[in-house]
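Chemist: First the structure, then my questions, so here it is.
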Amino acid sequence: MKPFTDYLINLKPVYEFVIRIAGCDDLNEDMKQKIHAKLDAYVVENFGSAKRLPIKEHADFPSMGACAVTMMEVTLKYPVTTVQLRTVIAESIGLTAASVMVRTKLEEANYDPVVAPKKAKDGSILSEPEMAAESAQDQVGQRRVDSMLKDLSKKTRKHEFAATEKTPKGK
């Protein structure tokens, strides 16, 4: 059996991150070199190639509207928080911190963007065609209460008592 110190020596933790940068149309080689130079403080083990995502409204950058987003994966040997990494990357390429999103690999795998439901132009959900039909009106308001009470009255049990005489009061 190996001693515990051998296990500690062989243990090499790595910290994997997914970086998304919005607002720069193309992440050129100069910007990549600047990012890589700043990340060298955390000993870069792997610096993935940049992938450009389609232009659309991204849930990570709701205030930017439809924009181009570049995504890359980075593996570091020294621990760093996502906030620190975000600040370092934003400063290195001259963007605001709101233009950079950093997540760990685990956060990225569990990330489920919440998309707000689209509303009608007048702001009312009831003006949508499927809610405006008469059949939908049966499911809300006083009609629904009446139908629920009617269903409950059908299912109510009628209790019968075996004794017809009154039982004496307890002492």
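The values are calculated or read from the model by the stated rules, or taken from the named source; none is laboratory data. Only a predicted model underlies this, so the values are computations on that prediction, with no experimental measurement involved. Ideal geometry is used to build each Cβ from the backbone, glycine not excepted, and the neighbour counts take in all protein chains shown.
Chemist: Within the set of pairs 6+ apart or on separate chains, which have a first residue in the range 37-55 that is part of a strand (DSSP E or B), a second that is small (G, A, S) and exposed (fewer than 12 other Cβ atoms within 10 Å of the Cβ), and C-beta atoms under 8 Å apart?
Modeler: Filtered contacts from the range 37-55: I55/A66.
Chemist: With the structure loaded, tell me whether E16 is within 17 Å of K105 (Cα to Cα), touching a helix residue (DSSP H, G or I) at 6+ places or on another chain (Cβ under 7 Å) and among the acidic types (D, E) or whether it fails that test. Outline the logic, then answer.
Modeler: On the way: within 17 Å of K105 (Cα to Cα): yes; touching a helix residue (DSSP H, G or I) at 6+ places or on another chain (Cβ under 7 Å): yes; among the acidic types (D, E): yes.
The answer is yes for E16.
Chemist: Can you tell which of V43, V18 is assigned by TED's automatic domain parsing to the domain that holds R103 and touching an Asp or Glu at 6+ places or on another chain (Cβ under 7 Å)? Before you say what the answer is, go through the steps one by one.
Modeler: Details: V43 fails: touching an Asp or Glu at 6+ places or on another chain (Cβ under 7 Å).
Answer to the selection: V18.
Chemist: Going by what's in this entry, would C24 be described as part of a strand (DSSP E or B) and in contact (Cβ under 8 Å) with a residue 24 or more places away in the chain? Spell out how you get there, then give the answer.
Modeler: Numbers: part of a strand (DSSP E or B): no; in contact (Cβ under 8 Å) with a residue 24 or more places away in the chain: yes.
Taking the combined requirement at face value, the residue does not satisfy it.
Chemist: Take the residues of the range 72-111 that are under 16 Å from the mean Cα position of the chain (by Cα) and of a type in the set (A, V, I, L, M): which is surrounded by the most Cβ atoms within 10 Å (Cβ to Cβ)?
Modeler: By that ranking, first place goes to V102.
Chemist: Conditions first: (1) modelled with pLDDT under 85; (2) part of a helix (DSSP H, G or I); (3) of a type outside the set (A, V, I, L, M). K121 passes all but one, so which condition is the exception?
Modeler: For K121, the failing item is (2).
Chemist: For residues in the range 60-96 being farther than 13 Å from I21 by Cα and part of a loop (DSSP other than H, G, I, E, B), which is modelled with the lowest pLDDT?
Modeler: G65
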